[in-house]
Each structure stands twice: as structure tokens, then as C-alpha cells.
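Peer 1: Here you go, one structure.
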Amino acid sequence: MSVPNDRYYVDTHEWALIDGDTILVGITDYAQEQLGDLVFVGDFKTDQALGAGDTVCMVESVKAASDIYAPVAGTVVAINDAVVNDPESIQKEPYEAWLFRLRPDDIDAVQKLLSAKQYEDGIS
């Protein structure tokens, strides 16, 4: 299981990668492994102000459904249609298959999330 150092993490198993003035958000390799075969990604909340920890969307596997949360406060400005159309892509490349793009209220808040090492320590 990999945990790339180029992004930040939340203990609810989302990752956040700064991309200009927005962040890409996805689920970690650990999360997708725990969920099993993914069959659905959807129910996105877009164009509304979200607080850190608010539910943004849902992923569903053959085992369970799981809410995906905003790692920081902001607004969802894009959804990755490729992942919606092919949920299994998350299992093939969990760190490439982002779910949504968030414009954070404060970009610096992202740097207060967990580092790769802190996240890895929490799941081991």
C-alpha cells in the first residue's frame, strides 16, 4: 500500500493535492482496499459552501456505502466524470483517480492536514 508524500491526508481516508488555487480530492489506497470492489460514485454536492468534514459525495462497493468528506472548507467546482463512469478506476490508481476539485476558503488550511507519515502511522 502506497502513501505518496506530495499530498495531504485526513483520518477519514481522503487525500488532498494542491493544484493551483484548488485541491483535488480522492480516497486513499487504504480506503479503497477496505471498501472492496467499487460499483458507484455519486450524489455530489456542488456549488455550495461546505465546511471541513461535510459530506461531499458517496462511494459504494459490494460491501458497503461510504460518505466522502471535504478535507477543508470550500466549494466543489468540478467532478471527475471519468471516475463516476468507471468507479473501478479508483482501485487501479487511487492517487490518480480524484473524485472532485474543491476551491478551499483558505488554501493554507490544506497544509494543516496530516502528512503522509502521520497518515501512515495512523493506519498501521
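Peer 1: Conditions first: (1) touching a helix residue (DSSP H, G or I) at 6+ places or on another chain (Cβ under 7 Å); (2) buried (at least 18 other Cβ atoms within 10 Å of the Cβ). Lys63 passes all but one, so which condition is the exception?
Peer 2: (2)
Peer 1: So, Leu50, is that one over 11 Å from the mean Cα position of the chain (by Cα) and surrounded by 19 or more Cβ atoms within 10 Å (Cβ to Cβ) or not?
Peer 2: Taking the combined requirement at face value, the residue satisfies it.
Peer 1: Okay, next question. Which strands (runs of 3 or more DSSP E) sit wholly inside segment 14-84 and have at least 2 residues that are within 17 Å of Pro94 (Cα to Cα) and at pLDDT 95 or above?
Peer 2: Ranges flagged: 14-19, 22-27, 38-42, 55-61, 65-69.
Peer 1: So which residues in segment 74-94 are surrounded by 14 or more Cβ atoms within 10 Å (Cβ to Cβ) and touching a helix residue (DSSP H, G or I) at 6+ places or on another chain (Cβ under 7 Å), if there are any at all?
Peer 2: Within segment 74-94, Val83, Ser89, Ile90, Gln91, Pro94 qualify.
Peer 1: Which of the residues spanning segment 85-119 are assigned to a strand (DSSP E or B) and within 17 Å of Gly42 (Cα to Cα)?
Peer 2: Phe100, Arg101, Leu102
Peer 1: Quick one: which residue in Thr12, Thr28, Thr55, Thr22 is buried (at least 19 other Cβ atoms within 10 Å of the Cβ), under 12 Å from the mean Cα position of the chain (by Cα) and of a type in the set (Ser, Thr, Tyr)?
Peer 2: None of the others qualify; the one that does is Thr28.
Peer 1: Please specify each residue of segment 1-56 satisfying the condition of being touching a helix residue (DSSP H, G or I) at 6+ places or on another chain (Cβ under 8 Å), closer than 22 Å to Ala73 by Cα and among the small types (Gly, Ala, Ser).
Peer 2: Ala16, Gly26, Gly42, Ala52
The values are calculated or read from the model by the stated rules, or taken from the named source; none is laboratory data. Given the structure is predicted, the values throughout are model-derived calculations rather than measurements. Cβ atoms come from the backbone with ideal geometry, glycine included; neighbour counts cover every protein chain shown.
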